[in-house]
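Student: First the structure, which I've put down as structure tokens, then a few questions once you've had a look.
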Amino acid sequence: MKYIANILLIFFLLSATSCLVAQDDNWVDTVMATYPSDFKNIEGLVERIDYDFKLPKDKVRALYLWLASNIKYDEYHEATKPVSEWILFTSEYDKERKKKALFRARLDDYFTQKKALCRGYSSLFELGCELMGIKARSVNGYSKVRVNDIAKSVWYKNHAWNAVWLNAKWNFIDITWSAGYVDTSSGRWIPYFNDYYYEVPAEIFIRSHYPVDPFWQLLQRPISEVQFFAEPIYYPAYFEQNYSLEQSQNGKIMITGNTIRLEFNSLPENTPLYYSFDGQTSILPVKRILKNKANNYEVVIPARKGKYKQLTLYTEFMPILDFKIAAH
């Protein structure tokens, strides 16, 4: 199980090896590989980026790369410990000014110590873009990466990411998820740069990121919080391989009888499916795929005996979906 858990996490966050990077981005990446890991402050980093790059899209890419590669996730809260700070103010304007100054000082600490949590990553990116005259926002909301999150509303905001204005539209970026991942078997943060969550289309981003402000879904038809948490866990390979679940297929599965049936609108041709339950050390081929009356595909999996909580589907040995098994 530990082996499978590690593979799932790696493919969830690192399957960007199959995501091609534009040629222009390769040039920016090459230049950024020569940058030092130490700058006195974020102004120094931005000044260097402004000198080396002229196009906004290249500046954004450069800032993203440096932050994702050099700021470590502060898993032990060494730089991000909550502190109580008193503010003496004479007006609402004075209060807001001093609050901004305190927050800026905290961002400077994150930059200097090279440690931050998701809000720190997103706020540093927003600040860097602001200093370069590029419009960007830090977006607060909820992320969904574990089966325990399915069909279970989270009462607190647990993640932050960015939207940046490029090419006359907003683009989503998640620097935290680009900087590494948490190994669930050990609970440790694993630094490992990946590029998948850079400029992600809104219709894909919403599958794992739900903003508090519906505007930041950037969808013509925003989904509800209930719908977001009802869906399964999506891995990048699901989108890359053009799978399409039937809209009514929930992420929480109720088992009745001896089989599990999952409904898809479409499946890629000549691509075998595999599956595993939690507690298994190997994956098994899906042997039954049927067409139903609605002309959709039904993936039929034998229900496993015993207690288990998770079903994972794979394509070409890459995970594509996680489902939560209801108590049975």
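The values are calculated or read from the model by the stated rules, or taken from the named source; none is laboratory data. As the structure is a prediction and not an experimental result, all values here were calculated from the model. Cβ: placed from backbone, ideal geometry, glycine included. Neighbour counts: every protein chain shown.
Student: With the condition kept exactly as written, say whether any residue in the range 31-43 is surrounded by 14 or more Cβ atoms within 10 Å (Cβ to Cβ), modelled with pLDDT under 95 and hydroxyl-bearing (S, T, Y).
Tutor: There is no residue in the range 31-43 that is surrounded by 14 or more Cβ atoms within 10 Å (Cβ to Cβ), modelled with pLDDT under 95 and hydroxyl-bearing (S, T, Y).
Student: For the structure I just gave you, tell me whether L55 is modelled with pLDDT of 95 or more and out of contact with any helix residue (DSSP H, G or I) (no Cβ under 7 Å at 6 or more places or on another chain).
Tutor: Answer is yes for this residue.
Student: Now, a different point. Please specify each residue of the range 216-230 satisfying the condition of being among the small types (G, A, S) and either part of a helix (DSSP H, G or I) or touching a Ser or Thr at 6+ places or on another chain (Cβ under 7 Å) (or both).
Tutor: Residues of the range 216-230 among the small types (G, A, S): 224, 230.
Matches in the range 216-230: A230 only.
Student: For the range 243-270, which residues satisfy the criterion of being of a type in the set (S, T, N, Q) and either touching an Asp or Glu at 6+ places or on another chain (Cβ under 7 Å) or not assigned by TED's automatic domain parsing to the domain that holds L311 (or both)?
Tutor: Across the range 243-270, the qualifying residues are Q249, N265.
Student: Moving on. Regarding V182, is this residue closer than 28 Å to Q249 by Cβ, in the same structural domain as F205 (by TED's automatic domain parsing) and in contact with a Leu (Cβ under 8 Å, 6 or more places away or on another chain)? Quick ask: steps written out before the conclusion?
Tutor: Details: closer than 28 Å to Q249 by Cβ: yes; in the same structural domain as F205 (by TED's automatic domain parsing): yes; in contact with a Leu (Cβ under 8 Å, 6 or more places away or on another chain): yes.
Considered against the rule, which asks whether it is closer than 28 Å to Q249 by Cβ, in the same structural domain as F205 (by TED's automatic domain parsing) and in contact with a Leu (Cβ under 8 Å, 6 or more places away or on another chain), V182 comes out as yes.
Student: Which is at pLDDT 85 or above, among the hydrophobic types (A, V, I, L, M, F, W, C) and assigned by TED's automatic domain parsing to the domain that holds F53, of L102, L127, L88?
Tutor: L127
Student: Could you list all residues from the range 126-152 that are under 26 Å from W165 (Cβ atoms), of a type in the set (D, E, K, R) and either without any contact (Cβ under 8 Å) to a residue 40 or more places away in the chain or assigned to a helix (DSSP H, G or I) (or both)?
Tutor: Answer for the range 126-152, where residues must be under 26 Å from W165 (Cβ atoms), of a type in the set (D, E, K, R) and either without any contact (Cβ under 8 Å) to a residue 40 or more places away in the chain or assigned to a helix (DSSP H, G or I) (or both): E126, E130, K135.
Student: Got at least one residue in the range 174-181 being part of a strand (DSSP E or B) and crowded, with 16+ Cβ neighbours inside 10 Å?
Tutor: Residues of the range 174-181 that are part of a strand (DSSP E or B), as a first pass: 180-181.
When the remaining residues are screened for being crowded, with 16+ Cβ neighbours inside 10 Å, the result is 180-181.
Yes, some residue in the range 174-181 is part of a strand (DSSP E or B) and crowded, with 16+ Cβ neighbours inside 10 Å.
Student: Against the condition hydroxyl-bearing (S, T, Y), outside the structural domain of L63 (by TED's automatic domain parsing) and more than 15 Å from K144 (Cα to Cα), how does Y198 come out, does it pass?
Tutor: Spelling it out, it is not the case that Y198 is hydroxyl-bearing (S, T, Y), outside the structural domain of L63 (by TED's automatic domain parsing) and more than 15 Å from K144 (Cα to Cα).
Student: Now for a different question. Just name the residue that is nearest to S153 (Cα to Cα) out of those in the range 231-249 that are in a loop (DSSP other than H, G, I, E, B) and touching a Gly at 6+ places or on another chain (Cβ under 8 Å).
Tutor: By that ranking, first place goes to E231.
Student: Quick one: S248 ticks every box in (1) touching a helix residue (DSSP H, G or I) at 6+ places or on another chain (Cβ under 8 Å); (2) under 23 Å from E203 (Cβ atoms); (3) surrounded by fewer than 17 Cβ atoms within 10 Å (Cβ to Cβ); (4) not aromatic (F, W, Y) except a single one, so which number is it?
Tutor: (1)
Student: Taking only the range 208-237 into account, find how many residues are without any contact (Cβ under 8 Å) to a residue 40 or more places away in the chain and in contact with a Phe, Trp or Tyr (Cβ under 9 Å, 6 or more places away or on another chain). Can you show your working first?
Tutor: Pass one, the range 208-237, residues without any contact (Cβ under 8 Å) to a residue 40 or more places away in the chain: 214-215, 217, 219-224, 227.
Still in the running and in contact with a Phe, Trp or Tyr (Cβ under 9 Å, 6 or more places away or on another chain): 217, 222-223.
Residues meeting the conditions: 3.
Student: Can you find a residue that is at pLDDT 95 or above and part of a helix (DSSP H, G or I) anywhere in the range 308-315?
Tutor: no
Student: Starting from the range 179-198, keep only residues that are on the phi > 0 side of the Ramachandran plot, then list their pairs with residues that are of a type in the set (F, W, Y) whose Cβ atoms are within a distance under 8 Å, requiring at least 6 positions of separation or different chains.
Tutor: Pairs found: G180/Y73; G180/W189; G180/Y192; G180/F193.
Student: While we're looking at this one, here's another question. Looking at the range 211-242, which of the residues that are acidic (D, E) and surrounded by fewer than 19 Cβ atoms within 10 Å (Cβ to Cβ) is modelled with the highest pLDDT?
Tutor: D213
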